[in-house]
Amino acid sequence: MVRKILFSSDIDDPIGWGKAVRALRPDLDIVNWPDATDPAEFEFALLWKPPPGGLGAYTNLKGIQTLGAGINQLDLSALPPVPLARMIDPSLTESMVDYAVAAVYRHFRGLDRFERNTRARHWQHEEPPHKADFPVGVLGLGVLGGAVAARLRAVGFPVTGWSRTPRPTDGVEVYAGDEGLPPFLASARAFVCVLALTPQTAGILNKDTLAAMPAGSYVINIGRGGHVVEPDLAEAVRNGHIAGATLDVFAKEPLPEDHPFYELPQILVTPHVAGGISPKTAAPTLIENYERALAGKPLLNMVDPTRGY
């Protein structure tokens, strides 16, 4: 008997997911929502967003697996009252870490400045900097943030971290909560945002927090666009307090062509490419959560609705 998992996404490939799942479990099939003729057949869903019309007809659902590490694309109040899990995939973590470390190196070695000098046909020699003089602060110390911090430490950068609640992290000076934010913001030269987007973290990179960073700091955002108050960052770059930024996520995507970030050569805009989920490496997690849901067990990386992640 073939069991079916409902699939709903306008940015992911149901065929690729189907192949990856069947390679491990031939008795499981991925069914894209337009082909789901009988909602009662489905006990589990894999989705980025619910299908048009929502999930009300799928009365036998026992669990939902998202197609992202975050859940901000979802209206939790519109979902059925079943366990919901974020997707934490090894390939996603690796690609996010690679992006963050590459961005830190780009600013640390001044490659962004040299690129601008190249366009201006300007030659300016600089002695190579020392990592000890370029501490990096990581906002968010969950699975992804912890991995970013560990890799930065491994290649020699001093690392500090901030999280909403205390989260001890090997080799990282950790600050927590509202009282820990000011000393954290004074602790580094580059700041990597890997936070989950919640009402408490929305707009956390604003005129006040940017001003609290040391002059000449850099901002790297691979969390969510809602973490940055975009006009505040643009102004901080224009006035020179923030030396530059590498941004992969934005309040509105695609970023509008008339957005001021495009006009600022100190800001690198990338089109939400820092990380991606590979069906091949993520299929075991999906299958594990499918089995857990049907058995009534807690899902891996299960969302706590009270925290919003």
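With respect to Gly137, determine if the residue is outside any strand (DSSP E or B) and not aliphatic (A, V, I, L, M). Considered against the rule, which asks whether it is outside any strand (DSSP E or B) and not aliphatic (A, V, I, L, M), Gly137 comes out as no. Kindly provide the set of residues from the range 41-69 that are under 21 Å from Arg292 (Cβ atoms) and either assigned to a helix (DSSP H, G or I) or out of contact with any strand residue (DSSP E or B) (no Cβ under 9 Å at 6 or more places or on another chain) (or both), ordered by number. Passing the criteria: Glu41, Thr59, Asn60, Gly68, Ala69.
So which of Pro135, Pro90, Pro83, Pro166 ends up being within 25 Å of Asn301 (Cα to Cα) and out of contact with any Gly (no Cβ under 9 Å at 6 or more places or on another chain)?
Numbers: Pro135 fails: within 25 Å of Asn301 (Cα to Cα); Pro83 fails: out of contact with any Gly (no Cβ under 9 Å at 6 or more places or on another chain); Pro166 fails: out of contact with any Gly (no Cβ under 9 Å at 6 or more places or on another chain).
Going through Pro135, Pro90, Pro83, Pro166 in turn, just one is within 25 Å of Asn301 (Cα to Cα) and out of contact with any Gly (no Cβ under 9 Å at 6 or more places or on another chain): Pro90.
The set of residues in the range 77-116 that are in a helix (DSSP H, G or I), in contact with a Pro (Cβ under 9 Å, 6 or more places away or on another chain), in the same structural domain as Val155 (by TED's automatic domain parsing) and surrounded by fewer than 19 Cβ atoms within 10 Å (Cβ to Cβ) comprises Glu115, Arg116. Pairing each residue of the range 21-36 that is in the same structural domain as Ile64 (by TED's automatic domain parsing) and in a strand (DSSP E or B) with any residue that is β-branched (Val, Ile, Thr) and surrounded by fewer than 12 Cβ atoms within 10 Å (Cβ to Cβ), provided the two are 6+ apart or on different chains, yields C-beta distances under 6 Å for Asp29/Val2. On the stretch given as the range 44-54, residues that are touching a helix residue (DSSP H, G or I) at 6+ places or on another chain (Cβ under 8 Å) and of a type in the set (A, V, I, L, M) total 1. Across the range 153-176, the number of residues qualifying as in a loop (DSSP other than H, G, I, E, B) and in contact with a strand residue (DSSP E or B) (Cβ under 9 Å, 6 or more places away or on another chain) comes to 10.
With respect to being among the aromatic types (Phe, Trp, Tyr), farther than 28 Å from Leu264 by Cβ and free of Cβ contacts under 8 Å to residues at least 60 places away in the same chain, Tyr105 falls outside the description. When the range 117-141 is limited to residues that are within 30 Å of Arg86 (Cα to Cα) and in contact with a Lys or Arg (Cβ under 8 Å, 6 or more places away or on another chain), the one that is surrounded by the most Cβ atoms within 10 Å (Cβ to Cβ) turns out to be Val136. Condition first: in contact with a strand residue (DSSP E or B) (Cβ under 8 Å, 6 or more places away or on another chain), outside any helix (DSSP H, G or I) and surrounded by fewer than 17 Cβ atoms within 10 Å (Cβ to Cβ). Now tell me which residues in the range 270-301 satisfy that. Those that are in contact with a strand residue (DSSP E or B) (Cβ under 8 Å, 6 or more places away or on another chain), outside any helix (DSSP H, G or I) and surrounded by fewer than 17 Cβ atoms within 10 Å (Cβ to Cβ): Thr270, Leu300.
Among the residues of the range 221-269, those that are of a type in the set (D, E, K, R), more than 17 Å from Leu139 (Cβ to Cβ) and not in a helix (DSSP H, G or I) comprise Lys252, Glu253, Glu257, Asp258.
If you go through the range 182-220 and keep only what is over 22 Å from Val269 (Cβ atoms), outside any helix (DSSP H, G or I) and in contact with a helix residue (DSSP H, G or I) (Cβ under 8 Å, 6 or more places away or on another chain), you end up with just Ala186.
The values are calculated or read from the model by the stated rules, or taken from the named source; none is laboratory data. None of the values given here were measured: they were computed from a predicted structure. Cβ coordinates were reconstructed from backbone atoms using ideal geometry, including for glycine residues, and neighbour counts include every protein chain displayed.
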